[in-house]
Amino acid sequence: MEIMLPERLKNLRKERGLSQKELAEELQLTQRKISYLETGQLEPDLATLWKISNFFEVTTDYLLGIKDD
């Protein structure tokens, strides 16, 4: 199963019109961590995954590509 987080995170961020820096500030992360998550260089820990799903109001299953809705 392919992890969809990089693509989905980038798409969600762009849909909201946010830069990586702005999203990082909202999630209390670094811009570098957002960049690494979006390029697949880093897999999120549980706390980060939860922050992302809460902020964008999507499920973790959606972020990970388990479900498409």
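Tabulated values for the structure
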{"quantity": "Any hit, the range 14-33, residues being among the hydroxyl-bearing types (Ser, Thr, Tyr), more than 10 Å from the chain's Cα centre (by Cα) and surrounded by 13 or more Cβ atoms within 10 Å (Cβ to Cβ)", "calculated": "yes"}
{"quantity": "Long-range neighbours under 8 Å by Cβ, at least six apart or interchain, first residue on the phi < 0 side of the Ramachandran plot and polar (S, T, N, Q) within the range 37-52, second assigned to a loop (DSSP other than H, G, I, E, B) and buried (at least 16 other Cβ atoms within 10 Å of the Cβ)", "calculated": "Thr48/Leu29"}
{"quantity": "Qualifying residue in the range 14-22 (condition: in contact with a Leu (Cβ under 9 Å, 6 or more places away or on another chain) and closer than 21 Å to Ile66 by Cβ)", "calculated": "no"}
{"quantity": "Asp61, sole failed condition from (1) under 11 Å from the mean Cα position of the chain (by Cα); (2) assigned to a helix (DSSP H, G or I); (3) not aliphatic (A, V, I, L, M)", "calculated": "(1)"}
{"quantity": "Leading residue by the ranking (farthest from Ile3 (Cα to Cα)) among those in the range 37-50 that are surrounded by fewer than 16 Cβ atoms within 10 Å (Cβ to Cβ) and not aliphatic (A, V, I, L, M)", "calculated": "Trp50"}
{"quantity": "Test result for Leu37, assigned to a loop (DSSP other than H, G, I, E, B) and modelled with pLDDT of 95 or more", "calculated": "no"}
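The values are calculated or read from the model by the stated rules, or taken from the named source; none is laboratory data. Everything quoted here is computed from the prediction, not taken from an experiment. Counting neighbours? That spans all protein chains shown, and the Cβs are built from the backbone with ideal geometry, glycine included.
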